[in-house]
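Just so it is clear, none of the values below were taken in a lab; they were calculated from the coordinates. No experiment lies behind these values; they were computed from the predicted model shown. Every residue, glycine among them, receives a Cβ derived from its backbone with ideal geometry; neighbour counts consider all protein chains shown.
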Amino acid sequence: MDNKKIIELVKKLRLELGLGIMEIKAALVEAEGNEKKAKEILKERGFEKAKKRAEKETHQGIVATYTHSTGKIGVMVELLCETDFVAKNEEFVELAKELCLQVAAMEPEDVKKLLEQEYIKDPALKIKDLVTGLSAKFGEKIKIGRMERFEI
């Protein structure tokens, strides 16, 4: 595979995944230029990193809320991380909002069941994949603390 093609794929995957250039390049070389296989390799490495961080403390984060347009459904989700730097990041905040929408739509009984649900915007992903993916991207433990859904 030529350098030009690798550079194009690295740029594409960097924009899509937000991971480091060298990490992406190594995965592409290992996958012999196969983009899909490289994504799988990067995903697996991300899960490995997340497992290593499992014992870390999460003392930062945000509480996100959502109220349905009818005013009859409300959701609160606590999304936790290790540092306030990550808690203020736009992607972290966006994940918290997406989790609120998921809880409003799918009514999970608890966090454990929420993590196993298919993501409403992409059934190929589970909620735990979203959380783990962002955790791998930031190199920091991210977890859902508490959640509550209210309905009249």
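For S135, S69, which order do you get if you count the other beta carbons within 10 Å of each Cβ and list the fewest first? Kindly include the intermediate steps, with their values, before the conclusion.
Numbers: S135 22, S69 6.
So the residues, fewest neighbours to most, are S69, S135.
Give the share of C-alpha pairs in each 10 angstrom bin for the range 60-151, from 0 to the last occupied bin, in whole percents, shortest bins first.
Final binned percentages: 18, 52, 27, 3.
Let's see if you can work this out: charge +1 on each Lys and Arg Cβ, -1 on each Asp and Glu Cβ, no other charges. What is the dipole magnitude of the range 93-135 about its Cα centre, in debye to the nearest 20? Write down the numbers at each step before the final one.
Details: 6 positive and 9 negative charges, 16 e Å.
It works out to roughly 80 debye.
Please tell me the relative contact order of the chain in percent, rounded to the nearest whole number, where contacts are Cα pairs under 8 Å and at least six residues apart. The partial results should precede the final answer.
Numbers: 218 pairs, mean separation 37.8, N = 152.
With pairs under 8 Å counted, the relative contact order is 25 percent.
Mind scanning K56/K97; K88/K126; K121/K143; K72/K113; K25/K137; K12/K128 and naming the pairs with a C-alpha gap bigger than 18 Å? Walk me through the numbers before you get to the answer.
Values: K56/K97 24 Å; K88/K126 24 Å; K121/K143 20 Å; K72/K113 23 Å; K25/K137 15 Å; K12/K128 24 Å.
Exceeds cut-off: K56/K97; K88/K126; K121/K143; K72/K113; K12/K128.
Hey, got the dipole for the range 69-116? About the Cα centre, +1 on K and R Cβ, -1 on D and E Cβ, debye to the nearest 20? Before the final figure, lay out the partial values.
Working: 5 positive and 11 negative charges, 47 e Å.
Roughly 220 debye for the range 69-116.
For the chain, what is the mean residue ellipticity at 222 nm derived from helices alone (per DSSP H run of n ≥ 4: -39500 (n - 2.57); sum divided by total residues; nearest 500 deg cm²/dmol)? List each step's numbers first, then the result.
On the way: 7 runs with 82 residues, N = 152.
It lands at -16500 deg cm²/dmol.
Residues in the range 119-152 near a label at F85, defined as backbone nitrogen under 13 Å from the 7 Å Cα→Cβ point?
Inside the label zone: 138-141.
Where is the GNM fluctuation largest for the chain (alpha-carbon springs, 10 angstrom cutoff): L114, L134, L13?
Comparing L114, L134, L13 in a Gaussian network model of the chain, the most mobile one is L13.
Which value, in debye to the nearest 20, describes the size of the charge dipole of the chain about its Cα centre when Lys and Arg Cβ atoms bear +1, Asp and Glu Cβ atoms bear -1, and nothing else is charged?
Working: 29 positive and 29 negative charges, 71 e Å.
Charge dipole of the chain: 340 debye, to the nearest 20.
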